[in-house]
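One structure below.
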Amino acid sequence: MVGLFAMASKFAECTLGVKYPTVLPSGVVSGGPMYSLSRALAERGMARFGKMTR
């Protein structure tokens, strides 16, 4: 069960990374799973869930 959950979460991270890349003004693509997760949730009106607070 743990392996199945890990594979599913990795698939979701990779899918979000491809769907929501961060393109800088110079044309360089940067970011990672956490950046794309926060952007994807912000577009759906759930920006609060994509950020860690103290």
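Okay, here's what the table says:
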| quantity | calculated |
| --- | --- |
| Output for the stretch 39-50, where each listed residue is modelled with pLDDT of 65 or more and not hydrophobic (A, V, I, L, M, F, W, C) | Arg39, Glu43, Arg44, Gly45, Arg48 |
| Any pair with Cβ under 8 angstrom, 6 or more apart, that starts in the stretch 7-34 at a residue that is on the phi > 0 side of the Ramachandran plot and ends at one that is surrounded by 10 or more Cβ atoms within 10 Å (Cβ to Cβ) and assigned to a strand (DSSP E or B) | Gly31/Thr22 |
| Number of positions in the stretch 15-31 that are loosely packed, with under 11 Cβ neighbours inside 10 Å and part of a loop (DSSP other than H, G, I, E, B) | 5 |
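The values are calculated or read from the model by the stated rules, or taken from the named source; none is laboratory data. All figures in this text were calculated on a predicted structure; none of them were measured in a lab. Reconstructed Cβ throughout: ideal geometry from the backbone, glycine too, with neighbour counts over all protein chains shown.
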